Amino acid sequence: MTNNVLAELDSILAERKKATADSSYVASLYHKGLNKILEKVGEECTETIIAAKDAASSGNTDDLVYETADLWFHSLVMLGHFNVSSDAVLAELARRLHTSGHVEKAARQPTN
């Protein structure tokens, strides 16, 4: 299911990229440019952090799920700005799947 949802979102976002600014929210973001898209990613990131803090106190994760969906969505819009599909991110996650986070991070460090 997840890959189908992401693939469908990729397709919709690509269509919206070509649409007029007044035709949809996503089209308006693309027309406003990268700074506006990044502003939305940052806003959704902050809201996700707040939702996580609230969930830690209340035990209710409904808002956390909602805000994470917003964050992921706006991250997909950002990737779409660069013509990068969700498949690229999924491939990177798959590459890291059975690798220790410490090992993966060390592999990214420049050697001096």
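The values are calculated or read from the model by the stated rules, or taken from the named source; none is laboratory data. Every value quoted in this text rests on a predicted model; they were computed, and no experiment measured them. Here the Cβ positions follow ideal geometry from the backbone for every residue, glycine too, while neighbour counts run over all protein chains shown. Note: accessible area is taken over every heavy atom of the protein model, side chains too, but ligands, DNA and RNA are not part of it. Shrake-Rupley method; radii C 1.70, N 1.55, O 1.52, S 1.80 Å.
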Handout entry: Given (1) open to solvent by 60 Å² or more (accessible area, probe 1.4 Å); (2) of a type outside the set (Ser, Thr, Tyr); (3) over 21 Å from Asp87 (Cβ atoms), index of the condition Glu8 fails
Key = (3)
Problem - Meets criteria (without any contact (Cβ under 8 Å) to a residue 40 or more places away in the chain, open to solvent by 90 Å² or more (accessible area, probe 1.4 Å), within 14 Å of the chain's Cα centre (by Cα) and closer than 23 Å to Ser85 by Cβ) for Glu44 - result: no
Problem - Residue check for Asn35: at pLDDT below 95 and either in a helix (DSSP H, G or I) or crowded, with 16+ Cβ neighbours inside 10 Å (or both) - result: no
Problem - Test: residue in the range 93-112 that is under 17 Å from Asn4 (Cβ atoms), at pLDDT 80 or above, open to solvent by 50 Å² or more (accessible area, probe 1.4 Å) and not aliphatic (A, V, I, L, M) - result: no
Exercise for the section: Might you let me know whether the range 53-61 holds any residue that is assigned to a helix (DSSP H, G or I), within 24 Å of Ala19 (Cβ to Cβ) and of a type in the set (Asp, Glu)? Expected result: no
Practice task
Name, by its number, the condition in (1) free of Cβ contacts under 8 Å to residues at least 40 places away in the same chain; (2) of a type outside the set (Gly, Ala, Ser); (3) open to solvent by 50 Å² or more (accessible area, probe 1.4 Å) that does not hold for Phe73.
Solution key: (1)
Exercise for the section: Identify the single condition in (1) in contact (Cβ under 8 Å) with a residue 60 or more places away in the chain; (2) among the acidic types (Asp, Glu); (3) crowded, with 16+ Cβ neighbours inside 10 Å that Asp87 does not satisfy, given that it satisfies every other one. Expected result: (3)
Problem - Residue match in the range 52-65 (condition: open to solvent by 60 Å² or more (accessible area, probe 1.4 Å), within 17 Å of Leu9 (Cα to Cα) and out of contact with any Phe, Trp or Tyr (no Cβ under 9 Å at 6 or more places or on another chain)) - result: no
Exercise for the section: Please state which one of Ala69, Ala14 is in contact with a helix residue (DSSP H, G or I) (Cβ under 7 Å, 6 or more places away or on another chain) and part of a helix (DSSP H, G or I). Expected result: Ala14
